[in-house]
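Taking it in order: structure first as structure tokens, then the write-up.
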Amino acid sequence: MNELMGPVPLPALDAVAPDIYRGYYGMPMFVIVPTPELEASKDFWIHGLGFIDLFSVPGQLVHLRRWAFQDVLLVPAEELAEPASMSVSFACVPSQIDDLRTRCEELRQGSTTEPRVMPWNSLELTITTPENTRVVMTAARPLDPDSAEAANLRAMGIDVP
């Protein structure tokens, strides 16, 4: 076992996103996304969502990565899947939300929702990718222990310092 710590910074409005992780590791979790258009999907994930092409096997696989432990495998599919009822979430920092939304909308108009503050104290942007994957970019927000958000968390049974 190695001692690699997760890349997600502590919640802060001025949190700095870590660099894209280009190393190789045993992936503890990854998402497989079937797509009838490998190149179109790859373009959206890279230019819209900020992933890199870690490596590709032409016509068979595109391994995308953002931060460490944010891995996506695009694989060929015969047809476009119906919009998913489930979603996959990736951590980001608050300052990335607007830029992600702008880039995704430039590539695919109508692909994003308005960012929303959630009861669990995150700012979230939902994006529907060209292959109908629902991606939620979630940014932790700093927590004021005297705020309504802290009261909501306490009401859910979460200890707030």
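Using square roots of five times the C-alpha gyration tensor eigenvalues, list the equivalent-ellipsoid semi-axes of the range 7-47 in whole Å, biggest first. Working shown, then result.
Values: eigenvalues 138, 51, 21 Å².
For the range 7-47, the ellipsoid semi-axes come out as 26, 16, 10 Å.
Tell me, in nm to one decimal, what length is gained between Val57 and Asp159 on full extension, where the rule is 0.36 nm per residue of separation less the Cα-Cα distance?
Details: separation 102, 0.36 × 102 = 36.72 nm, distance 4.65 nm.
Full-extension gain reported as 32.1 nm.
Give me the extension gain from Leu143 to Phe30: residue separation times 0.36 nm, minus the current Cα-Cα distance, reported in nm with one decimal. Display every interim value, and only then the final one.
Details: separation 113, 0.36 × 113 = 40.68 nm, distance 2.92 nm.
Residue separation times 0.36 nm, minus the Cα-Cα distance, leaves 37.8 nm.
Evaluate the relative contact order of the chain (contact order divided by residue number), counting alpha-carbon pairs under 8 angstrom at least 6 apart; express in whole percent.
On the way: 301 pairs, mean separation 37.3, N = 161.
It comes to 23 percent, rounded to a whole number.
Per residue, how many Å² of accessible area does the range 51-161 show with a 1.4 Å probe? Walk me through the numbers on the way to the answer.
Details: 5750 Å² over 111 residues.
Here the per-residue accessible area is 52 Å².
Which residues make up the longest stretch of the chain clear of chymotrypsin sites (Phe, Trp or Tyr not before Pro) that lie in a DSSP loop with no more than 12 other Cβ atoms within 10 Å, not counting the sites? Mind dumping the intermediate values first?
On the way: sites that count: Tyr24, Tyr25.
The segment 26-161 is the longest one with no such site.
Quick check: at a probe of 1.4 Å, how many percent of the accessible area of the range 122-161 sits on carbon and sulfur atoms? Mind showing how you got there, number by number?
Values: 990 of 1890 Å².
C and S atoms contribute 52 percent here.
Grab the alpha carbons of the chain, take their convex hull, and tell me the volume per residue in Å³.
Numbers: hull volume 21.5 nm³, N = 161.
Given the Cα convex hull of the chain, per-residue volume reads 134 Å³.
If you plug each phi of the range 19-32 into the Karplus form 6.51 cos²θ - 1.76 cosθ + 1.60 with θ = phi - 60°, what whole-Hz ³J(HN,Hα) values come out, in order, with x for Gly and Pro?
Taking θ as phi minus 60°, the curve returns 5, 4, 8, 9, x, 10, 7, x, 6, x, 7, 7, 10, 9 Hz for the range 19-32.
Which value in deg cm²/dmol, rounded to the nearest 500, describes the helix-derived mean residue ellipticity at 222 nm for the chain, given -39,500 (n - 2.57) per DSSP H run of n ≥ 4 and division by the residue count? Let's see the in-between values first.
Details: 3 runs with 29 residues, N = 161.
So the calculated ellipticity at 222 nm is -5000 deg cm²/dmol.
Within the range 31-71, list the trypsin sites (Lys or Arg not before Pro) lying in a DSSP loop whose Cβ has at most 13 other Cβ atoms in a 10 Å radius.
Working: sites: Lys42, Arg65, Arg66; in loops: Arg66.
For trypsin sites (Lys or Arg not before Pro) across the range 31-71 that sit outside H, G, I, E and B with at most 13 neighbouring Cβ atoms in 10 Å, the list is empty.
Would you please calculate the Kirkwood hydrodynamic radius of the range 5-82 over all C-alpha pairs and express it in Å, rounded to one decimal?
13.6
Using R₀ = 30 Å, calculate the FRET efficiency as 1/(1 + (r/R₀)^6) where r is the Cβ-Cβ separation of Leu13 and Ala84; round to 0.05. Intermediate results must be reported in sequence, preceding the final value.
On the way: r = 31 Å, r/R0 = 1.02.
It comes to 0.45.
The values are calculated or read from the model by the stated rules, or taken from the named source; none is laboratory data. For clarity, every value in this text was computed on a predicted model and none was experimentally measured. Cβ sites come from the backbone with ideal geometry, for glycine too, and all protein chains shown count toward neighbours. Accessible surface is based on the protein model in full, side chains and every heavy atom, while ligands, DNA and RNA are left aside. Shrake-Rupley method; radii C 1.70, N 1.55, O 1.52, S 1.80 Å.
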